[in-house]
Amino acid sequence: MNIQIQGQSVCLLLVSILLLWTGVECLRFDLEPGHTKCIAEDIKSNSMTVGKYQIVNLNEGQPLPDSHKISVRVTSSYGNSYHHSDNVNEGHFAFHAVEAGDYMACFTAADHKPSTTITIDFDWKSGVAAKDWTNVAKKGSVELMELELKKMFDTVQSIHDEMFYLREREEEMQQLNTSTNSKMAWLSFLSLFVSLSVAGLQLWHLKSFFQKKKLI
């Protein structure tokens, strides 16, 4: 029984490693002139993130038209700007995420006539996927097996950090739930006290009224 449980745990760990290890494919999308399209990426704090973008030249062998220009801005969920470029047809960015949360990469196409759809290739990687392992291998002169082990170690470390991050979020949600339940309980007691007080005042008022009318 213990062997089966351990086998299942190992399988789950390997699946998680493979999922995190899988390279991020380039995203291609169309952008109309005068419009903006934003792409969000959930990034943990203290994570490395890199991005590369360029306008696709559909007419190979010919230069891009002057109208094919975009503005790119990368911001955090707190509104802090990490990258900004205007009137470019390609570019890249790299930064260390200080804040955890959703980061937005917004692309705005210049408004021009006649209207022509712009196709953009965008590659955005963060965490383990953002590391350039080819350069690591060249600089360190390590063997292939050592390189693979280093990849796996960093991937497991990323899983470990993600588990602690999720645990912290769970504790925050539990504290919020406890605080909300406590406030609701006090609100219920306060509502009950107010209702009983109003009922008592009504009875006292009716009794006084009937006594003045000498009905009781």
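Restricting to segment 77-112, name every residue that is in a loop (DSSP other than H, G, I, E, B) and either at positive phi or in contact with a Ser or Thr (Cβ under 8 Å, 6 or more places away or on another chain) (or both).
Passing the criteria: Gly79, Val98, Glu99, Ala100, Ala110, His112.
Among (1) under 25 Å from Thr117 (Cα atoms); (2) within 26 Å of the chain's Cα centre (by Cα), there is one condition Asn87 misses while meeting the rest; what is its number?
(2)
Going by the structure shown, is Ile55 modelled with pLDDT of 80 or more and in contact with a Gly (Cβ under 8 Å, 6 or more places away or on another chain)?
No: the conditions fail for Ile55.
Within segment 74-100, can you find the residues that are exposed (fewer than 14 other Cβ atoms within 10 Å of the Cβ) and closer than 30 Å to Asp161 by Cα?
Matches in segment 74-100: Tyr78, Gly79, Asn80, Ser81, His84, His92, Ala94, His96, Val98.
Testing Ser71 on (1) among the polar types (S, T, N, Q); (2) free of Cβ contacts under 8 Å to residues at least 40 places away in the same chain; (3) surrounded by 13 or more Cβ atoms within 10 Å (Cβ to Cβ); (4) not in a strand (DSSP E or B), one condition comes back false. Which one is that?
Only one criterion in (1) among the polar types (S, T, N, Q); (2) free of Cβ contacts under 8 Å to residues at least 40 places away in the same chain; (3) surrounded by 13 or more Cβ atoms within 10 Å (Cβ to Cβ); (4) not in a strand (DSSP E or B) is unmet by Ser71, namely (4).
Going by the conditions given, is Asp111 at pLDDT 85 or above and acidic (Asp, Glu)?
In short, no.
Output the number of the condition that Glu99 fails; it satisfies all remaining conditions of (1) within 15 Å of the chain's Cα centre (by Cα); (2) closer than 14 Å to Ile39 by Cα; (3) not small (Gly, Ala, Ser).
Unmet for Glu99, out of (1) within 15 Å of the chain's Cα centre (by Cα); (2) closer than 14 Å to Ile39 by Cα; (3) not small (Gly, Ala, Ser): (2).
Of all residues in segment 35-68, count the ones that are loosely packed, with under 13 Cβ neighbours inside 10 Å and either closer than 13 Å to Asp121 by Cα or over 25 Å from the mean Cα position of the chain (by Cα) (or both).
7
The values are calculated or read from the model by the stated rules, or taken from the named source; none is laboratory data. Since this is a predicted model, take the numbers as computed values, not measurements. Note: ideal-geometry Cβ built from the backbone for every residue, glycine included; neighbour counts use all protein chains shown.
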